[in-house]
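To keep things clear, I will list the structure first and then write my remarks on it.
The values are calculated or read from the model by the stated rules, or taken from the named source; none is laboratory data. Keep in mind that this is a model prediction, so the values were computed, not measured. We place every Cβ from the backbone using ideal geometry, glycine too, and count neighbours over all the protein chains shown. Side chains are part of the model used for accessible areas, which takes the heavy atoms of the whole protein and leaves out ligands, DNA and RNA. Shrake-Rupley method; radii C 1.70, N 1.55, O 1.52, S 1.80 Å.
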Amino acid sequence: MEFGLLAAAVIALASLRLTLGFQPGGAGRDEPPGIGAARSWKVRLAAAGGGQRAARLWDAALLSAVVGLAIGRLAAMIGAGTNPLGHAVDILIIRGGVDTVSATVAALVVFGLLSRRDLLASADAVAPGALAGLAGWHGGCFTRGACLGTPSDLPWAVGGPAGVARHPVEIYAAILLIAACVILIVVRRRPPNGATAALAFTTAAAIRLGTEPMRLTIGGGLTWWYLAGAGFGLAAVVMAWLRARRVRA
Amino acid sequence: MAIESVPILPAATPATFRALLTASDRPVVVNVWASWCGPCRSEAPLLRQAAAEWGDRVRFVGVDVRDTQDAARAFIAEFGLEGIEHHFDPSGAIPGDLGGFGVPLTFFFGPGGVLVSMHSGVIDERTLALGIDDLLRLAG
């Protein structure tokens, strides 16, 4: 909430922009910009419909982020009992809160609609940026003062308001997500269509699942949902590879 | 739950409220709210859930400020906050005496009324859970 989601959107877009604009050393003139797994989508998009379709990806990502933030803000206002029509100026007060779930669903729906012709390749393209954005959301815990988890004796444990040393669990998650993002970007091998996005989804769910025992929750948390998400993502990765093998055969 | 089943909130002053905190042998989470406060509505379900989960070890106290009894009771009935002990502060003097400003506010007090931490604005799940965990560890 608050600035965390805004930071996530900005970092995700910046990461996507970087991967789109990066020209790897030694690349041929005809090769599209971008690197590693994040570049392979561009080859596919270009093959599917020319550079024009690939150029639309950035617009789709940007529009999805803006619509997601707006819908999330409206949902937060309605949830708090404030009529957005009666308090239109309040829509811009991000500190009043952005509903994360509504914002994410809205952004995904808009992106899905705008990229429906090349959905898998487009999803692959934004996957590393999405992981970076998620890292930004976890790192945004600094603005919420909510980085700390269960008590710890480790040397890097951070003292909380009451002086109890605790795991900086959100920072762990942010570091792991950034590492996953970098790996997806630098890996040179071109995975099958849709596999990069599925792998990113699996990694995000697994990181959340792995760090969950260090989090403090009210009402038990969402552990089973993260487990289901990791399983679903893994199944999608396997399916993408099996489909690619079948096509090759 | 109907508003009629919510009792009239007892009036409190900074002095009586300080006495309540000092006399408590359990840690206390104090939430300052008002029925007219939009952000208070978004954090109310979280506080209800926390009170249900830790109410046996931590005392949850609400302070309703600059409000009317009817509006406050309707708010309590709407969000099912009957499990939390509420006090009525029409002048809004208590949060200022505790060292806070604005609504909502959440204070975390150890046994005997020792202030451990304070959160200004809407409280999220993690911050509330962290504050309660700190209180329980300090209380042993």
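Using a Förster distance of 25 Å, how high is the FRET efficiency between A:Leu234 and A:Ala179, based on the Cβ-Cβ distance and rounded to 0.05?
Numbers: r = 19 Å, r/R0 = 0.75.
My answer for the efficiency is 0.85.
What FRET efficiency, computed as 1/(1 + (r/R0)^6) with R0 = 35 Å and r the Cβ-Cβ distance, is obtained for A:Ile78 and A:Trp58, rounded to the nearest 0.05?
Details: r = 31 Å, r/R0 = 0.88.
The formula returns an efficiency of 0.70 here.
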Determine the total buried accessible area between chain B and chain A, counting protein heavy atoms only with a 1.4 Å probe; round to the nearest 100 Å².
1800 Å²
State to the nearest 20 debye the size of the charge dipole of region B:44-117 about its Cα centre, where the only charges are +1 on K and R beta carbons and -1 on D and E beta carbons.
180 debye
Distance in Å, no decimals, from the C-alpha centre of region A:70-119 to the one of region B:84-140 is 30 Å
Working from Cα positions, state the angle (0 to 90°, nearest 10) between the long axis of helix B:38-54 and the longest principal axis of chain B.
50 degrees
Would you mind giving the mean number of other chain beta-carbons within 10 Å of the Cβ of each residue in A:165-171, as a whole number?
1
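Tell me the net charge near B:Phe79. Cut-off is 9 Å between Cβ atoms, B:Phe79 excluded, with +1 for each Lys or Arg and -1 for each Asp or Glu.
On the way: positive: B:Arg41, B:Arg48; negative: B:Glu78.
It works out to a net charge of +1.
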Report, in degrees rounded to the nearest 10, the 0 to 90 angle that the Cα long axis of helix B:125-139 makes with the longest principal axis of chain B.
50 degrees
Explain nothing, just the number: dipole magnitude of the protein assembly as shown about its Cα centre with +1 on each Lys and Arg Cβ and -1 on each Asp and Glu Cβ, in debye rounded to the nearest 20.
2420 debye
Solvent-accessible heavy-atom area per residue, rounded to whole Å², over chain B at 1.4 Å:
41 Å²
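Which percentage, to the nearest 5, of the DSSP beta bridges contained in the protein assembly as shown is antiparallel?
Values: 14 of 26 bridges.
In the protein assembly as shown, DSSP labels about 55 percent of beta bridges as antiparallel.
If I take R0 = 35 Å and measure r between the Cβ atoms of B:Asp97 and B:Ala77 in this structure, what FRET efficiency does the formula 1/(1 + (r/R0)^6) give, to the nearest 0.05? Don't jump to the answer; show the numbers that get you there.
On the way: r = 28 Å, r/R0 = 0.80.
For B:Asp97 and B:Ala77, the calculated efficiency is 0.80.
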Hypothetical label at A:Leu108: residues of region A:185-216 whose amide nitrogen lies under 17 Å (7 Å Cα-Cβ projection):
A:194-209
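Which net charge results when you count Lys and Arg as +1 and Asp and Glu as -1 among the other residues whose beta-carbon is under 12 Å from that of B:Cys37? Could you put the intermediate results ahead of the total?
Values: positive: B:Arg41, B:Arg66; negative: B:Glu43, B:Asp64, B:Asp67.
Its environment carries a net charge of -1.
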Express the relative contact order of region A:136-249 as a whole percentage, based on alpha carbon pairs under 8 Å and six or more residues apart in sequence.
24 percent
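So for region A:68-175, averaging the separation of alpha carbon pairs under 8 Å that are six or more residues apart and normalising by length, what relative contact order in percent results?
Working: 108 pairs, mean separation 21.1, N = 108.
Over region A:68-175, the number comes to 20 percent.
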How many Å³ per residue does the convex hull of the Cα positions in the protein assembly as shown occupy?
160 Å³
Under the rule that a partner needs its Cβ under 4.7 Å from the first Cβ, which Cys of the protein assembly as shown have none?
A:Cys181
Give the angle, between 0 and 90 degrees and rounded to the nearest 10, that separates the Cα long axis of helix B:14-23 from the longest principal axis of the Cα atoms of chain B.
40 degrees
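Treating only the Cβ of Lys, Arg, Asp and Glu as charged (+1, +1, -1, -1), what charge dipole size does chain B show about its Cα centre? Round to the nearest 20 debye.
Rounded to the nearest 20 debye, it is 260 debye.
With the contact rule set at Cα under 8 Å and sequence spacing of 6 or more, what percent relative contact order holds for chain B? Walk me through the numbers before you get to the answer.
Numbers: 250 pairs, mean separation 48.1, N = 140.
Reported as a whole number, the value is 34 percent.
Considering only protein heavy atoms, with the full assembly of protein chains and a 1.4 angstrom probe, order B:Met118, A:Met239, A:Met214 by accessible area, largest first. Before the final figure, lay out the partial values.
Numbers: B:Met118 85, A:Met239 120, A:Met214 45 Å².
Descending accessible area places them as A:Met239, B:Met118, A:Met214.
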